[in-house]
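Worksheet: one structure, shown below.
The values are calculated or read from the model by the stated rules, or taken from the named source; none is laboratory data. Predicted model only: the values in this text are computed from it and were never measured. For neighbour counting, all protein chains shown are included, and Cβ atoms are generated from backbone atoms with ideal geometry for every residue, glycine included.
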Amino acid sequence: MADQRVTWYVATLSAIIISVAAGIGSKGGLILTKLIIPQWADLRSSVTLYCQFDTGGDSLYSVKWYKDDHEFFRYTPGLSPQTLVFDLDGVNVDESKSSASEVTLYPLTRTSNGNYKCEVSTDAPNFPTVVEDANMSVIAFPDDGPRIEGLRPLYSVGEFLEANCTAKMTFPLAQVTWFINNLEVDSYLLERYTPEISEGPFYNSTLGLRFPLKKEWVDMNKKLMYVKCIAKVAGAEPKTDETSVRLRLIPDQTLSQERHILNAGTAINNHCAIILIISAVYYYEVYN
Ligand SMILES: *[C@@H]1O[C@H](CO)[C@@H](O)[C@H](O)[C@H]1NC(C)=O
Ligand SMILES: *[C@@H]1O[C@H](CO)[C@@H](O)[C@H](O)[C@H]1NC(C)=O
Ligand SMILES: *[C@@H]1O[C@H](CO)[C@@H](O)[C@H](O)[C@H]1NC(C)=O
């Protein structure tokens, strides 16, 4: 028994020593600290992908970038030229903005969609390598939008409010929603228009707002109603446009409305008081 244990210790110890001597243990020195690849990239902008690493004191051998497993950029500080760009459909590298830890793509196309991978190696024995990947989807945010149109700055109670919110030239189709005082507007107050489709395809989507203005929707202290439109393209951060409309109050209307609100507030209290009095009288009559 004891003999076996000793043999086991010796074997383990030799394995560790051999590993360290072979440089396998030094792989722990190189780490990929951060890979930043946006999940959604705007077709009309450039995108910069970041691959940050720590060589743990070893010298960098290469940084290689792949899209769907095809290499498109290589940075090797020890070789000349230091950077190499490989032709790949949908991948246009801006070499002036690409280096050891970042690569900028411009212009983007729909085929820029895909899986991006960064691979870093040091020239320590056995060229230890770290790899990480992420997916990126190309979308088109609203071109200069969304935009709220047709809204006047001033309305009276009962006046018809009509406005459109339009998200132009998006890909895919934008989901447009209206909010009043930060509450989503019910669909019966909306007017849906068929999306326009331009070549690409790109979509123009318009959602209308149509309703007679009610004072319940106005902040009566500020005489304002806050209106916001949100356009969401795929899963990306939504874009918004917002404004506020003022309520014009005829002096008479102001008074009657404020009284109305006050009455509504005190009505319940009055009822309670009356019920209490009736109960008290009843109690007195019955039990005395
Ligand atoms: C990327 O997308 C592919 C296919 O949709 C999926 O199988 C893979 O898990 C995704 N990779 C990452 C890192 O999200
Ligand atoms: C809203 O858009 C529709 C369709 O484009 C148009 O017919 C309507 O006049 C617009 N309404 C306003 C208030 O701009
Ligand atoms: C969508 O809007 C853009 C920008 O206003 C316009 O140029 C284009 O013609 C519109 N598309 C269609 C199909 O009407």
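Figures for the structure shown
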item: Among residues of the stretch 126-144, those that are surrounded by fewer than 15 Cβ atoms within 10 Å (Cβ to Cβ), away from ligand 1 (no atom under 16 Å from the Cβ) and polar (S, T, N, Q), counted; result: 1
item: Filter result for residue 197 (within 16 Å of ligand 3 (Cβ to nearest atom), without any contact (Cβ under 8 Å) to a residue 24 or more places away in the chain and assigned to a strand (DSSP E or B)); result: yes
item: Residue 242 closer than 26 Å to residue 45 by Cα, surrounded by fewer than 16 Cβ atoms within 10 Å (Cβ to Cβ) and of a type in the set (D, E, K, R); result: yes
item: Those residues of the stretch 145-178 which are in contact (Cβ under 8 Å) with a residue 60 or more places away in the chain, exposed (fewer than 14 other Cβ atoms within 10 Å of the Cβ) and more than 13 Å from ligand 2 (Cβ to nearest atom), in sequence order; result: 153, 154, 156, 172
item: Within the stretch 143-182, considering residues that are part of a loop (DSSP other than H, G, I, E, B) and among the small types (Gly, Ala, Ser), the one farthest from ligand 3 (Cβ to nearest atom); result: 158
item: Single residue of the stretch 200-235 satisfying the filter (among the small types (Gly, Ala, Ser) and closer than 12 Å to residue 142 by Cα) that is farthest from the chain's Cα centre (by Cα); result: 205
item: Close pairs from the stretch 27-56: first at pLDDT 95 or above and surrounded by fewer than 17 Cβ atoms within 10 Å (Cβ to Cβ), partner of a type in the set (A, V, I, L, M) and assigned to a loop (DSSP other than H, G, I, E, B), Cβ under 6 Å, at least 6 apart; result: 40/236
item: The one condition in (1) within 14 Å of ligand 3 (Cβ to nearest atom); (2) of a type in the set (D, E, K, R); (3) surrounded by fewer than 13 Cβ atoms within 10 Å (Cβ to Cβ); (4) farther than 19 Å from residue 234 by Cα that residue 186 fails to fulfil; result: (1)
